[in-house]
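Written below as structure tokens is the structure these notes are about.
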């Protein structure tokens, strides 16, 4: 299968839960195509820092944002921080959360 080439230069993406797993993979993929990335984490600071370092190694720009997105004030602060830093927000990937940990049987 041929990889699709697309250009995200100057686009800004916020990926929630991008310190680990699928969120990290999405962040790196978007950065590879030129997007500037807001790396969000709630508790995976070390993973988020690693993701940001990998983004910078791809010659893309990024920032770290720690927030518990269950709290509306922190969620609003997260978006405000992205817009303040980059002047815009083009892509939002709502990836944060762990339904296995939060579900009750």
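Values quoted throughout were computed directly from the atomic coordinates according to the rules given, and no laboratory measurement underlies them. In this text the structure is predicted, and so the values were computed from the model without any measurement. Cβ sites come from the backbone with ideal geometry, for glycine too, and all protein chains shown count toward neighbours.
Details
- Cβ-based exposure ranking for 72, 49, 54, in which fewest neighbours within 10 Å come first: 72, 49, 54
- Degrees between helix 45-57 axis and first principal axis of the chain (Cα, 0 to 90, nearest 10): 10
- Think of it as helices only: each DSSP H run of n ≥ 4 in the chain is worth -39500 (n - 2.57), and spread over all residues that comes to -12500 deg cm²/dmol at 222 nm.
- Helix axis angle, 21-32 relative to the chain longest principal axis, alpha carbon, degrees: 20
- Which of 40, 33 has the fewest Cβ neighbours within 10 Å, and the rest in rising order: 33, 40
- Base-10 log of normalised Debye intensity for the chain (one unit scatterer per alpha-carbon) at q = 0.15, 0.18, 0.20 Å⁻¹: -0.57, -0.80, -0.96
- Sorted by Cβ neighbour density within 10 Å, fewest at the top, the residues 12, 70: 70, 12
- Principal-axis analysis of the Cα atoms of the chain puts helix 72-86 at an angle of about 20° to the longest axis.
- Take every pair of alpha-carbon atoms less than 8 Å apart whose residues are at least six positions apart; their mean separation over the length of the chain yields a relative contact order of 30 percent.
- The GNM of the chain, with springs linking C-alpha atoms under 10 angstrom apart, assigns the highest mean-square fluctuation among 75, 67, 35 to 75.
- As a calculated quantity, the FRET efficiency between residue 32 and residue 69 at R0 = 30 Å, using C-beta atoms, amounts to about 0.75.
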